[in-house]
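The values are calculated or read from the model by the stated rules, or taken from the named source; none is laboratory data. Predicted model, so just to flag it, every value in this text is computed and none were measured. Because the Cβ atoms are built from the backbone with ideal geometry, glycine has one as well, and the counts that use them run over all protein chains shown.
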4 protein chains.
Amino acid sequence: MAAIKVGIVGGTGYTGVELLRLLVRHPQVELSVITSRSEAGKGVSELYPNLRGHVDLAFAEPDLETLAQCDLVFFATPNGIAMQQTPALLERGVRVIDLAADFRIKDLDVWSKWYGMEHACPEQVAEAVYGLPEVYREQIRDARLVANPGCYPTAAQLGFLPLLEQGLINRRRLVADCKSGVSGAGRGASVPMLMCEASESFKAYGVAGHRHLPEIKQGLAEAAGFPVGLTFVPHLTPMIRGIHATLYGVLKDPSDNLQQIYEERYADEPFVDVMPAGSLPETRSVKGANHCRIAVYRPQDDDTVVVLSVIDNLVKGAAGQAVQNMNIMFGLEETAGLELVGLLP
Amino acid sequence: MAAIKVGIVGGTGYTGVELLRLLVRHPQVELSVITSRSEAGKGVSELYPNLRGHVDLAFAEPDLETLAQCDLVFFATPNGIAMQQTPALLERGVRVIDLAADFRIKDLDVWSKWYGMEHACPEQVAEAVYGLPEVYREQIRDARLVANPGCYPTAAQLGFLPLLEQGLINRRRLVADCKSGVSGAGRGASVPMLMCEASESFKAYGVAGHRHLPEIKQGLAEAAGFPVGLTFVPHLTPMIRGIHATLYGVLKDPSDNLQQIYEERYADEPFVDVMPAGSLPETRSVKGANHCRIAVYRPQDDDTVVVLSVIDNLVKGAAGQAVQNMNIMFGLEETAGLELVGLLP
Amino acid sequence: MAAIKVGIVGGTGYTGVELLRLLVRHPQVELSVITSRSEAGKGVSELYPNLRGHVDLAFAEPDLETLAQCDLVFFATPNGIAMQQTPALLERGVRVIDLAADFRIKDLDVWSKWYGMEHACPEQVAEAVYGLPEVYREQIRDARLVANPGCYPTAAQLGFLPLLEQGLINRRRLVADCKSGVSGAGRGASVPMLMCEASESFKAYGVAGHRHLPEIKQGLAEAAGFPVGLTFVPHLTPMIRGIHATLYGVLKDPSDNLQQIYEERYADEPFVDVMPAGSLPETRSVKGANHCRIAVYRPQDDDTVVVLSVIDNLVKGAAGQAVQNMNIMFGLEETAGLELVGLLP
Amino acid sequence: MAAIKVGIVGGTGYTGVELLRLLVRHPQVELSVITSRSEAGKGVSELYPNLRGHVDLAFAEPDLETLAQCDLVFFATPNGIAMQQTPALLERGVRVIDLAADFRIKDLDVWSKWYGMEHACPEQVAEAVYGLPEVYREQIRDARLVANPGCYPTAAQLGFLPLLEQGLINRRRLVADCKSGVSGAGRGASVPMLMCEASESFKAYGVAGHRHLPEIKQGLAEAAGFPVGLTFVPHLTPMIRGIHATLYGVLKDPSDNLQQIYEERYADEPFVDVMPAGSLPETRSVKGANHCRIAVYRPQDDDTVVVLSVIDNLVKGAAGQAVQNMNIMFGLEETAGLELVGLLP
């Protein structure tokens, strides 16, 4: 089988380098081009010395003709870039996976409100498939354009889905208390992300409202069949990688066998691991790996359900999930290139 | 005024060394004796080189006669020790502050269930005053025996109190999602607290039930005038010091001016800082300091209230609060020895 | 080609789990047995949740008959264990790689002095090949028994070798100032390795003498052809993985083209990366990878040479190098299973 | 005694906030003004929430008239600012302590080469006293202008001084292998100091040449009475505060009693702690404190001396030493406001 020719637009950020880490070891991928306006001409491994000996490419100027030679283009760009370039690529027969948020929200007014811009290609928003394989696998197979989910939305949706799909909890009273490592903030220079500022401290942010709120609500509403009420509080944790979502819901019937429900829901999922009852998922157990590990609790046998859901925000929460979507789109083994063992310790 | 003669029982743990750090700079304290069965004879500053030049004492064998010379004895011991020795000290006229959990829970059955032992002196439990000055200041003044609150209970109670005292939220649907640095686990050698295990990772623990749950519920029920329903999930955060409590409640009347209510409740409190609306308290802002900083939110103008409450678990959550209680008990300025500025960065 | 049947003795420590991470993805290895006296019967992935879905084995009681079925046995045990069991395995035709120090030092008196025990099998010490492929590749090919080098010795020797092999520096005045992450201390519960003790601090240790000193001196003397004088100071750095060796020597002839000498020395080495002049190797560039990255400097154009050499202590400094040795011993591609990209960020 | 009126120019960086932390608790200081061009008008505690309740000042525009009302002005500015403003302040009778490098190097050509600018006031360079109290205490007393030493130079000089003052080592073969926490890099937004980049990694920098090299050499030459040969390699360590200098020298006479020599040299120094033989100073033992702790070794009884010297780069390496200099200049108790216990854990 011929290798898939892949391009990456905007490869200098953390999702870009993580895509590179995964793709250079993928058995069926040929990395054709990686673009960066700011670093054009520079060797990829000059910027990322971990790639010395693995990647010989240099960053190229973004260029439609070059990208059009690819079978698939990943956008690892800031929000608002992919929507400018995607229509032309689709027209040329190139399939697209956007790791940013341009195609995640179906309601354009909601999108504009949270992202502060007009959308450049509303028709493509309608066409785009939300790239959460555990829900949309069949649609992803044939998609020309996949909107790769956000990191918090991946952890929160995978944790809440079994409860909402089966209508087991009060859908108006959901709480998602989420904690992320600092790599979620990206590689831009900023004072709050300096090691002196972010290490040895813990804080909430975006309490009044965070862009991942409407994305999570859209996914959960889809699962529930009705709109949901959600309080989402993200926090910054002094570590590099990892998201831990602690999810709270009010059970309609506390006698449900939640452990069994979760195990059945994800029995065939290669990257969702429902841990044995009583387990405490650690983010480090998925560091560098594409797994989501989940545990479900009913503390003190009361009517509150607590779900713990962990991912690596750069893998299952970004680049790994994008490769998983690629595998599905191109009919490859879904786990190809993703059989990664978490780095522990 | 004569200095207060102080003894510390069990000074080798982190609350012990933190007590030392505070007491050596306290203007009205004379540190008389510090005991440790395991380290007897060893210089305090051999174990804690940060105290070189500040403390000349050596650890002494625990001995009632020596302790009985003190005006006040702090117990910085594991649970179950203070209850053995406190009655004899009280009888000798020595006042006691227990930093462990022996006297915190009024219901002895509840205490025995969570701590796994029979209580050795039930009458003293009845006599003990719960050392949260923001609620029990007047009783602390005359107390012979003060039960210094736990770290999570301090952060959670200070955050929830204004809402429950005034009956503003549904007291059956409280959620306390709390995150602690690793110093809360103490200085005992254990695999899970190794740096290789605890750094660069995040996890929940004690989800099914944690000893601080009944303590928090007791305090909140006292404030509400009724029993409360609380889901409490503690998490381990990869940093040394600090607790961040994220508290969720369902408002009865979303039109309440929560900011004003919090500011008024704590207007006269020297160690509770209600931050301006929109603030995001960071644990590092209280690192080494006795303050609790609080922010209150109503996200998306909905009926859920979110309170953020941060403390240093070793200071306001342990040794600092103990010194604050000492100051109250002995009629000193409440802030004496506690005018500490958080170490930032 | 038939898979190599591999056994691991003592698989519960960090070198053990790292071996597992590497071997489960190795295309030509069949992991037959992993033993642990303390955890016998427990599933490997219970202890190491990162291996859930990758390893189905349980820890077994150590047993000669089972191990004798293997083609190769790795010892990831404390010092002094491998020397007890190796002779019987060799006799049964099983090849052995010891990741501990039992077979590293040729001079038995020196070994006994530093390791505090009599050696159990002196003949095997004589037979053992020191497993630094960059020096002993040919002997490793046919070795029955390989002594896998220590972590500091790997970083220090690879850094110093070109200078000493060619006699470019004063061999009496070598300084190796080395810094290690905490995983080098292993997974045993100990107070100094608690996160509260080891994070946010930096210290030297073993200044008066460290067990890796004679090992480094033996290797450097072999390279120089004469005994060497070495001051070796190890330090503990607050991170999990990585060693950074900063090496100092006095040049005989400052006009030597050191960059070229290093590049030529390691031109054919798959795992030694001589970085371009002026580079600053970061330990994170090899986190999880088997590479050693080196930069060489002559500061201020003076007669002192400074070599910077970084490895991941658990990979090139332990498990990765052991797999590299296995590949050589069994005639496999030397890089098989080791094409790992460092996890960055 | 009237309080000393103090001004701070450039108070938004880490040395600025550290000065504030020390000065607000200093019994004889009145903080009059703190300037910042970029943050003028903003409350100090808005930028540094640890100061809430301790400092009510707002940042002011820099203004000569206001500063001229002070008895003493600290410059906590980038290099090149203090030299512009110092002459006018001195003329108005204000004494000055510069925490930057403008007045540290006596040789103007050397200064210009390393700092890349012409000096604005050469006469003041000649007048300035180098603010290392352990050497220049008497001159500091009467100084109008004190050049506060750099962080690495403080740790390295205090470690080497006894050896060079007494001519015990070969002054041509000095090695200073130094490790610093990230706060030394300041609070400017930069990619390399992001937590994602700087944590969980270790690297050298400035190997070819670092600005502190000529400063250290100047001080050591002064102590030795002759020029010295020094190789200085700074490293970045993944922690916030602390410098660990590992210093190497070649002894002329290995029979010297180094421990005694060090103890005698620093017997009367309030902030230099020569630890008992065999000690391993940890940077955390001085976290937040003004002490330098030193241990001296002769490994393997050979002719190499190894000195370990630790400080908090923001305290003894910057703000604390500046306050110590202030105390000396104004005839206060040298330890006033500096009786700080290191924060441990």
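When C:60, C:68, C:82, C:120 are screened for being under 17 Å from residue C:325 (Cβ atoms) and either in contact (Cβ under 8 Å) with a residue 24 or more places away in the chain or of a type in the set (Lys, Arg) (or both), only C:82 passes. Here A:293, A:298, A:241, A:265 are screened, and the one residue that is within 22 Å of the chain's Cα centre (by Cα), of a type outside the set (S, T, N, Q) and over 19 Å from residue B:198 (Cβ atoms) is A:265.
Among residues of the stretch B:162-179 being crowded, with 24+ Cβ neighbours inside 10 Å and touching a helix residue (DSSP H, G or I) at 6+ places or on another chain (Cβ under 9 Å), the one that is farthest from residue B:73 (Cα to Cα) is B:169.
Here B:118, B:123 are screened, and the one residue that is acidic (Asp, Glu), assigned to a helix (DSSP H, G or I) and not assigned by TED's automatic domain parsing to the domain that holds residue B:250 is B:123.
Condition test on residue D:262, is it more than 8 Å from chain C (Cβ to nearest Cβ) and hydroxyl-bearing (Ser, Thr, Tyr)? Yes: the conditions hold for residue D:262. Scan the stretch B:303-313 and tell me whether some residue there is touching a residue at least 40 places away in the same chain (Cβ under 8 Å), of a type outside the set (A, V, I, L, M, F, W, C) and farther than 29 Å from residue A:228 by Cα. So far as the stretch B:303-313 goes, yes, one or more of its residues are touching a residue at least 40 places away in the same chain (Cβ under 8 Å), of a type outside the set (A, V, I, L, M, F, W, C) and farther than 29 Å from residue A:228 by Cα. Close contacts from the stretch A:270-289, counting a first residue that is facing chain B (nearest Cβ under 10 Å) and a second that is of a type in the set (S, T, N, Q) and in a loop (DSSP other than H, G, I, E, B), with Cβ to Cβ under 7 Å and a gap of 6+ residues or different chains, come to A:282/B:201; A:283/B:201; A:284/B:201.
One residue alone among D:110, D:73 is in the same structural domain as residue D:38 (by TED's automatic domain parsing) and more than 22 Å from residue D:32 (Cβ to Cβ), and that residue is D:110.
One residue alone among A:87, A:78, A:62 is away from chain C (no Cβ under 14 Å), modelled with pLDDT under 95 and either out of contact with any Pro (no Cβ under 7 Å at 6 or more places or on another chain) or assigned to a helix (DSSP H, G or I) (or both), and that residue is A:62. In the stretch A:317-337, the qualifying residues are those that are within 21 Å of residue C:52 (Cα to Cα) and surrounded by fewer than 24 Cβ atoms within 10 Å (Cβ to Cβ), and the one that is farthest from the chain's Cα centre (by Cα) is A:333. Screening the candidates C:280, C:314 for the property of being under 26 Å from residue D:195 (Cα atoms), surrounded by fewer than 24 Cβ atoms within 10 Å (Cβ to Cβ) and not polar (S, T, N, Q) yields one hit, C:280. For beta carbons closer than 6 Å, sequence separation of 6+ or different chains, a first residue in the stretch C:96-112 that is surrounded by 24 or more Cβ atoms within 10 Å (Cβ to Cβ) and modelled with pLDDT of 95 or more and a second that is among the small types (Gly, Ala, Ser) and in a loop (DSSP other than H, G, I, E, B), the qualifying pairs are C:99/C:76; C:103/C:128. Answer with yes or no whether residue C:52 is charged (D, E, K, R), without any contact (Cβ under 8 Å) to a residue 60 or more places away in the chain and away from every other protein chain (no Cβ under 13 Å). No. When restricted to residues that are surrounded by 18 or more Cβ atoms within 10 Å (Cβ to Cβ), touching a helix residue (DSSP H, G or I) at 6+ places or on another chain (Cβ under 7 Å) and either polar (S, T, N, Q) or assigned to a helix (DSSP H, G or I) (or both), the stretch A:136-148 contains 2. Under the condition of being within 13 Å of chain A (Cβ to nearest Cβ), part of a loop (DSSP other than H, G, I, E, B) and out of contact with any Cys (no Cβ under 6 Å at 6 or more places or on another chain), the residues counted in the stretch B:212-253 number 8. Quick check on the stretch D:21-46: of everything there that is over 24 Å from the mean Cα position of the chain (by Cα) and surrounded by 17 or more Cβ atoms within 10 Å (Cβ to Cβ), which residue is nearest to residue B:272 (Cα to Cα)? Filtering the stretch D:21-46 for residues that are over 24 Å from the mean Cα position of the chain (by Cα) and surrounded by 17 or more Cβ atoms within 10 Å (Cβ to Cβ), the one nearest to residue B:272 (Cα to Cα) comes out as D:45. Check B:24, B:125, B:33, B:17 and return the single one that is in contact with a helix residue (DSSP H, G or I) (Cβ under 6 Å, 6 or more places away or on another chain) and among the β-branched types (Val, Ile, Thr). Step by step, each of B:24, B:125, B:33, B:17 is checked, and only B:33 is in contact with a helix residue (DSSP H, G or I) (Cβ under 6 Å, 6 or more places away or on another chain) and among the β-branched types (Val, Ile, Thr). Being buried (at least 22 other Cβ atoms within 10 Å of the Cβ) and in the same structural domain as residue C:119 (by TED's automatic domain parsing) holds for only one residue in C:57, C:67, and it is C:67.
Each residue in the stretch D:180-211 was checked for being facing another protein chain (nearest Cβ under 7 Å), outside any loop (DSSP other than H, G, I, E, B) and surrounded by 19 or more Cβ atoms within 10 Å (Cβ to Cβ), and 10 pass.
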